[in-house]
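Right, one structure below, let's go through it.
Each value in this text was obtained by applying a stated rule to the coordinates, not by laboratory testing. From a predicted model like this one, the values you see are computed outputs, not experimental measurements. Here the Cβ positions follow ideal geometry from the backbone for every residue, glycine too, while neighbour counts run over all protein chains shown.
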Amino acid sequence: MALIQARDVTVDFPVYGTNARSFKNAMLRAATGGVLAKSAADRVIVRALDQLSFEFHEGDRVGLVGHNGSGKSTLLRVIAGVYEPVSGSIKVEGHIASMLNIWLGMQMDATGLENIYIRGRLLGMVPRQIDDLIDDICGFAELGDYIQMPLRTYSSGMQMRLAFAISTSAAPDIVLMDEWLSAGDAEFAEKARARLTQMLDRTKILVVASHNEDMIRKSCNKILKLDHGTLIGLTAIEKNMTIEALDRKIKTMVA
């Protein structure tokens with residue numbers, strides 16, 4: 001079973017070294033996209049998420065939309081367990097694969113093989129599971145004998161291929177993404193796109209933040225719109241909806 005359930009989730013970030021004067025407030029609002037407020041201790045805070053409530057169930061493919069600073073990335077990090085709400089609750093059932101940073105944990109002085117185990121453990125896999133995926137990861141990344149060499153000896157393209165291969169090797173219940181992933185040159189990018197699509201077809205819940213409405217239309221069945229940390233609306237995407245119709249729907253969504 002896979003489930004994401006939020007109840008009045010609120011996330012605040014304290015702002016140090018400033019006060020609540022109107023000029024500084026305006027500058028901070030422009031920089032963060034959040035809503036400025038005062039905490040109980042009379043500190044200036046940015047309210048990144050404000051009392052969000054929703055449920056995602058198996059089969060949901062949710063596109064998070066909103067302007068830069070609307071709270072999309074913050075919400076993904078709350079679901080992933082990186083940020084803890086100051087109030088409210090978030091309940092997640094199922095194994096999560098966070099694609100927010102596919103480089104997380106990778107060490108430049110460790111070999112490619114060692115990095116597979118390091119990154120695999122961070123993705124929640126046990127060594128036995130990683131053992132079973134070694135051939136698949138190495139074959140997909142196309143690194144040959146370089147798999148035994150330190151990551152610092154790789155080209156940037158080779159590093160990306162390895163990171164992508166590891167991150168898409170698991171079969172998670174929930175996938176979280178901040179924009180669609182791609183990797184390598186045109187030939188490898190097509191191969192990567194097919195692998196990512198296969199992974200997402202197997203996952204039970206997908207939550208992706210993106211400004212690409214065409215990608216959301218093709219990959220998602222729901223959209224959740226945020227504005228300055230507030231939930232504006234959560235609605236279904238109709239089958240065969242055009243990009244123009246989706247754009248109109250996003251623009252007219254209200255709480």
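Helix 186-202 and the long axis of the chain differ in direction by around 70°, with both axes built from C-alpha atoms. Could you work out how far helix 127-141 tilts from the main Cα principal axis of the chain, as a 0 to 90 degree angle to the nearest 10? Approximately 80 degrees, to the nearest ten. Over all distinct Cα-Cα pairs of segment 72-176, the Kirkwood formula returns a hydrodynamic radius of 14.6 Å. Relative to the Cα centre, the charge distribution of the chain, modelled as +1 at Lys and Arg Cβ and -1 at Asp and Glu Cβ, gives a dipole magnitude of about 980 debye. Scaling against 2.2 N^0.38 Å puts the C-alpha radius of gyration of segment 209-255 at 1.06.
Rounded to the nearest 20 debye, the dipole size of segment 51-93 about its Cα centre is 200 debye, using +1 on the Cβ of Lys and Arg and -1 on the Cβ of Asp and Glu. The sum of -39500 (n - 2.57) across all DSSP H runs of n ≥ 4, divided by the residue count of the chain, sets its helix-only mean residue ellipticity at 222 nm to -11000 deg cm²/dmol. Pairwise Cα separations in segment 119-255 fall into 10 Å bins from 0 onward with the following percentages, short to long: 10, 34, 29, 18, 8, 0.
Between 236, 16, 81, the Cα set farthest toward the positive side of the dipole of the chain (charges on each charged residue's Cβ, about the Cα centre) is that of 16.
In segment 116-207, taking the dipole from charged Cβ atoms about the Cα centre, the farthest positive-side position among 159, 144, 171 is held by 171. Count the lysine pairs in the chain whose Cα atoms sit under 16 Å apart, keeping only pairs 8 or more residues apart in sequence or on different chains. Taking the chain as the scope, the lysine pair count is 13.
Note on segment 107-219: with charges restricted to the Cβ of Lys and Arg (+1) and Asp and Glu (-1), its dipole about the Cα centre is near 260 debye. For the chain, relative contact order (Cα pairs under 8 Å, six or more residues apart, normalised by length) works out to 25 percent. Each 10 Å bin from zero up to the one holding the largest Cα-Cα distance in the chain carries the following percent of pairs: 7, 27, 30, 23, 12, 1.
When the Cα positions of 246, 57, 124 are compared along the charge dipole of the chain, 246 comes out farthest toward the positive end, with charges on each C-beta of Lys, Arg, Asp and Glu.
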